[in-house]
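Just below is one structure, and these are the notes that go with it.
The values are calculated or read from the model by the stated rules, or taken from the named source; none is laboratory data. Remember, predicted model here, so these are calculated numbers, not experimental data. Using ideal geometry, Cβ is built from the backbone for each residue, glycine included, and neighbour counts are taken over all protein chains shown.
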Amino acid sequence: MLLENEQNELMAFMAKEGDALGLDPENIRTITMETEASLKFTFPSHTSHLELIRLVSTRVAAYVTSFTEENLDDIGLAMDEACTNVMSHSYENGQNGGILVNFTLARDRITIDIIDEGEKGQSFNIEELSPVDKEEYLRNLSRGGLGVHLIKKIMDEVKYTVSPGVHNCLHMVKHAG
């Protein structure tokens, strides 16, 4: 976990100072520390950056030491799908813009917010997506259109919010285990 050494040093300091103050060591050991680390990246909205986004995402997610390799692969896939959607739909293939990715790491989860300012994203409503008819999809050999469904399957929490005239935010959470 990011800053784990610093967290351990702080807990050791607390134990040492508590001892110097004459506090019961058992009570000191019951003190817990809730920690989260946040990292923000802004990527260009261009498909040539998709692999880099996926690689950075899995590398950052690996700081959650309780994630399995499968969890890391899933997070990379969800990021690839989500950022592809921003590039293809929100920014309409070529509209210049950035994709802000905010990772918040905790011991047992990662929270990812993908924020863009694409105008087409303002009209998207994740709740209006109809379920995928697998037979129809395969019968027509459709290409694309499964990204959001895949993201919802992979991630534990998915929410899309629009702040009209400001930005669009895809909020995703993946718990370890």
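Worth a mention:
- Conditions (1) closer than 17 Å to ALA176 by Cα; (2) of a type in the set (A, V, I, L, M); (3) buried (at least 16 other Cβ atoms within 10 Å of the Cβ): number failed by VAL101: (1)
Here is a yes/no grid of residues against (1) modelled with pLDDT of 95 or more; (2) touching a helix residue (DSSP H, G or I) at 6+ places or on another chain (Cβ under 6 Å); (3) among the aromatic types (Phe, Trp, Tyr); (4) more than 13 Å from MET172 (Cβ to Cβ):
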residue: ARG54; (1), (2), (3), (4): yes, yes, no, yes
residue: SER57; (1), (2), (3), (4): yes, yes, no, no
residue: ALA61; (1), (2), (3), (4): yes, yes, no, no
residue: THR65; (1), (2), (3), (4): no, no, no, yes
residue: ASP73; (1), (2), (3), (4): yes, no, no, yes
residue: GLY76; (1), (2), (3), (4): yes, yes, no, no
residue: GLU81; (1), (2), (3), (4): no, yes, no, no
residue: ASN93; (1), (2), (3), (4): no, no, no, yes
residue: ASN96; (1), (2), (3), (4): no, no, no, yes
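- When the stretch 1-44 is filtered for residues that are modelled with pLDDT of 90 or more and closer than 30 Å to ILE115 by Cα, the ones remaining, listed by number, are SER38, LEU39, LYS40, PHE41, THR42, PHE43, PRO44.
- All helices (runs of 4 or more DSSP H) inside the stretch 1-92 with 1 or more residues being within 19 Å of the chain's Cα centre (by Cα) and closer than 27 Å to TYR160 by Cβ: 50-61, 69-85
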